[in-house]
Amino acid sequence: YELLEVPLTVSGLPLGAAPAPLGCEVDFGGLLQRLGKSGAVDERSVRLFQILPDGSQREQPVQLLAREQPRAAQRQFLPATVSGVSYLAEVAASEAQPAVSTGGRLSWIAQGDSEGRAHYRLQFGVMRRGRAIQVPYPPQNWRMFDDQDRATPLAYFPRLQIRPQWPLDGVLHIADTGVPVTSYHLGPLLEAPPGSPPPSPTIRRSFFYPVNGPDGVSLTEFGKAHDPTGSHRHHYSLWIAHNNVAGRNFWADNGGLILHQAIVLLEDGPVFCRLVVRTRWRDGETDLLDEQRTVTVFGAGEDFRLMDFDLQFRPAGKEPVELGQTTFGFLAVRVAQSLTPFDGGGEILNARGQRNEQNVHLQRAEWLDQSGPILPDRWSGIAVLDHPANPNHPTMWHCRNDGWAGAAFCGEKAYTIAVDQPLQLRYRLVLHRGDAAQGRIAGHWLAYAAQPNVQLGEPRGTP
């Protein structure tokens with residue numbers, strides 16, 4: 001390797017904010033051009049070092065989500081390569097440019113100093129001997145092998161992983177360093193495999209369960225306690241639904257189906273893992289909405305975990321779709337019974353300092369937290385943050401002391417989704433120890449709402 005580096009500075013981090021995901025676009029090919037150097041950057045060589053106030057450095061795990069690479073024009077291989085290999089192409093590392101163009105979005109967990117700034121040294125390497133091989137699957141990026149044909153080792157182990165069990169049992173399991181975090185249940189399928197039964201009349205939508213906090217105990221469960229008739233069996237732990245889509249009910253268990261359509265992306269990594277799926281909202285023979293949901297789980301800290309939801313809704317047909325006024329939908333959480341104010345002595349708290357259903361229900365706020373005892377000696381909670389870019393922000397909340405809360409996007413008025421302008425909604429969940437104050441939910445909100453500035457300096461050789 002020839003090792004190179006570039007200084008990276010972050011400004012505009014809010015004071016008092018909790019550690020939070022941060023990202024920026026990096027074009028390593030462009031950095032090489034500025035240095036007047038040839039070759040191709042090995043994305044597995046990228047490392048990030050935070051420069052602390054005392055001048056010391058601390059390595060910070062970083063994840064590069066590479067952009068789509070152009071497919072090799074022809075399957076061309078080096079003379080010594082055996083026939084029948086599966087990959088798309090290969091080139092000698094010394095001749096990899098311009099065929100290999102490394103770049104994409106760089107992500108890490110950041111926290112500012114007393115001035116709201118953070119300083120880093122971004123290091124990357126150019127392999128001078130060996131070969132580059134283009135993989136046969138998206139994003140069709142290039143992997144580097146040394147002159148002994150050993151693959152470049154990972155800079156950071158992908159601690160956040162998604163393990164698909166579909167179509168075996170329709171579940172995607174998410175783990176952090178081998179410890180279960182949550183499982184995504186696909187729900188009914190838009191196109192079931194041949195010979196499989198039709199969509200179940202019981203499971204109407206996808207959901208997450210369990211949703212484990214930092215102690216490995218689920219913070220969520222199903223239904224409502226003390227409900228012998230099962231009137232709230234549609235409360236699927238952590239789920240997405242809506243009570244009024246063009247007059248159709250996708251909230252209750254006797255309403256429409258939210259059908260799993262496709263898995264678009266499964267991404268593992270040292271900073272986060274990401275799940276992107278498409279769903280179709282169908283009632284009877286009528287298709288109402290096409291949704292793409294992106295869920296990102298971060299390995300953020302010992303006392304908390306973060307889950308980001310990025311939801312995009314489009315009309316399934318050629319006409320606008322009206323979401324009617326309702327306090328049911330979109331994102332909802334049914335917490336474990338011991339967290340509830342009624343059964344566990346827990347509490348609901350919002351960003352305005354209002355506490356429990358009698359004060360929080362149908363109020364607007366930037367965030368809402370549900371917390372309570374999860375173990376004999378441990379209090380934990382789950383907070384939902386409403387992103388400031390969401391329409392109708394700050395959202396209204398529907399909540400109950402028996403253990404559920406949801407962001408009521410249409411709580412006060414209807415909303416029409418135009419054909420050419422999809423509805424984009426973003427939420428962050430904080431799975432934390434302690435109550436809302438101990439879990440620093442106000443600090444997590446500051447970090448979520450911030451728009452920090454990331455600047456790359458002039459690249460240079462390493463000392």
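Binning the C-alpha pair distances of segment 266-311 at 5 Å intervals from 0 yields a P(r) profile of 6, 18, 22, 16, 12, 10, 8, 5, 3, 0 %, listed from the shortest bin outward.
Can you give the relative contact order of the chain as a percent, counting alpha carbon pairs under 8 Å and 6+ residues apart?
Working: 1239 pairs, mean separation 75.3, N = 463.
Once divided by the residue count of the chain, the mean separation gives 16 percent.
Could you compute Rg(Cα) / (2.2 N^0.38 Å) for segment 354-463, with N its residue count? Show your work: numbers first, answer last.
On the way: Rg = 18.3 Å, N = 110, 2.2 N^0.38 = 13.1 Å.
Normalised Rg, Cα atoms only: 1.39.
All C-alpha to C-alpha distances of segment 106-193, sorted into 10 Å bins beginning at zero, yield P(r) values of 11, 24, 29, 25, 11, 1 percent in whole numbers. For segment 209-220, backbone phi angles converted through the Karplus equation (6.51, -1.76, 1.60; θ = phi - 60°) give residue-by-residue couplings of 6, x, 10, 8, x, x, 8, x, 10, 5, 8, 10 Hz, Gly and Pro being listed as x.
Net charge dipole, segment 239-383: roughly 200 debye, given to the nearest 20, about the Cα centre with Cβ charges of +1 for Lys and Arg and -1 for Asp and Glu.
Using the 1.4 Å probe convention, the accessible area of segment 284-346 works out to 38 Å² per residue with neighbouring protein chains retained.
The per residue volume of the convex hull around the alpha-carbon atoms of segment 171-281 is 136 Å³. Taking each DSSP H run with n ≥ 4 as -39500 (n - 2.57) and averaging over every residue of the chain yields -1500 deg cm²/dmol at 222 nm. With the simple spin-label model, which puts each label point 7 Å out from Cα in the Cβ direction, the Gln354 to Glu115 separation comes to 4.1 nm. Taking the average, over residues, of other Cβ atoms within 10 Å as the packing measure, peptides 329-342, 5-18 rank 329-342, 5-18 from highest down.
In this structure, the amide hydrogen of Arg67, modeled 1.01 Å from its nitrogen in the peptide plane, lies closer than 5 angstrom to those of Gly103, Gly104, Arg105, counting only residues at least 5 positions away or on a different chain.
On full extension, the segment bounded by Asn453 and His226 gains 76.7 nm, given 0.36 nm per residue less the C-alpha separation. How much of the accessible area of segment 395-435, in percent, comes from carbon and sulfur atoms when a 1.4 Å probe is used? Carbon-and-sulfur percentage of accessible area, whole number: 39. Of all lysines in the structure, those lying under 26 Å Cα to Cα from Lys318, and not within fewer than 8 positions of it along the same chain, are Lys413.
Summing charges over neighbours of Leu189, with a neighbour being any other residue whose Cβ is under 14 Å away from its Cβ, gives +3 when K and R count +1 and D and E count -1. Over every Cα atom in segment 1-153, the radius of gyration and the widest Cα-Cα span, Dmax, amount to 17.7, 59 Å. Note on segment 317-394: percent of Cα-Cα distances in each 5 Å bin, starting at 0 and stopping at the bin with the largest distance, equals 3, 13, 21, 21, 17, 10, 7, 4, 3, 1, 0, 0.
Averaged across orientations, what area in nm² does the convex hull of the alpha carbons in segment 232-389 project? Write out the running numbers ahead of the final one.
On the way: hull surface 45.6 nm².
Taking a quarter of the hull surface, the average projection is 11.4 nm².
In segment 1-55, the C-alpha radius of gyration followed by the widest Cα-Cα span (Dmax) gives 14.5, 43 angstrom. A Förster distance of 41 Å, applied to the separation of the beta-carbon atoms of Glu2 and Asp287, puts the FRET efficiency at 0.15.
Per atom type, segment 180-279 shows carbon and sulfur on 54% of its accessible surface, probed at 1.4 Å.
Using only alpha carbons, build the gyration tensor for segment 374-439 and give me the equivalent ellipsoid semi-axes, biggest first, whole Å. Kindly include the intermediate steps, with their values, before the conclusion.
Values: eigenvalues 184, 36, 16 Å².
Taking √(5λ) for each Cα gyration eigenvalue gives 30, 13, 9 Å.
With a simple spin-label model that places each label point 7 Å from the Cα along the Cα-to-Cβ direction, the separation between Leu362 and Ala252 comes to 2.0 nm. Between Val419 and Glu95, the modelled labels are 5.2 nm apart [label points 7 Å from Cα along Cα→Cβ]. Structural descriptor for segment 370-462: relative contact order 34 percent, calculated from alpha carbon pairs under 8 angstrom and at least 6 residues apart.
The alpha-carbon positions of the chain define a convex hull whose volume is 173 Å³ per residue.
Tell me the relative contact order for segment 86-157 as a rounded percent, counting alpha carbon contacts under 8 Å between residues six or more apart.
Computed over segment 86-157, the figure is 36 percent.
Here Lys37 and Gln148 are evaluated by their C-beta separation; at R0 = 25 Å the FRET efficiency comes out at 0.55. Multiplying the residue separation of Ile51 and Lys318 by 0.36 nm and removing their Cα-Cα distance gives an extension gain of 90.8 nm.
Taking each residue as 0.36 nm, the span from Ala389 to Val171 lengthens on full extension beyond its C-alpha to C-alpha distance by 75.4 nm. Per-residue 3J(HN,Hα) values for segment 424-434, derived from phi via the Karplus relation 6.51 cos²θ - 1.76 cosθ + 1.60 with θ = phi - 60°, read 10, 10, 10, 9, 10, 9, 10, 9, 9, 8, x Hz in sequence order (x marks Gly and Pro).
The values are calculated or read from the model by the stated rules, or taken from the named source; none is laboratory data. These numbers were taken from a predicted model, which means no experiment stands behind them. FYI the Cβ positions are ideal-geometry reconstructions off the backbone, even for glycines, and counts take in every protein chain you see. Accessible surface areas use protein heavy atoms only, side chains included; no ligands, DNA or RNA. Shrake-Rupley method; radii C 1.70, N 1.55, O 1.52, S 1.80 Å.
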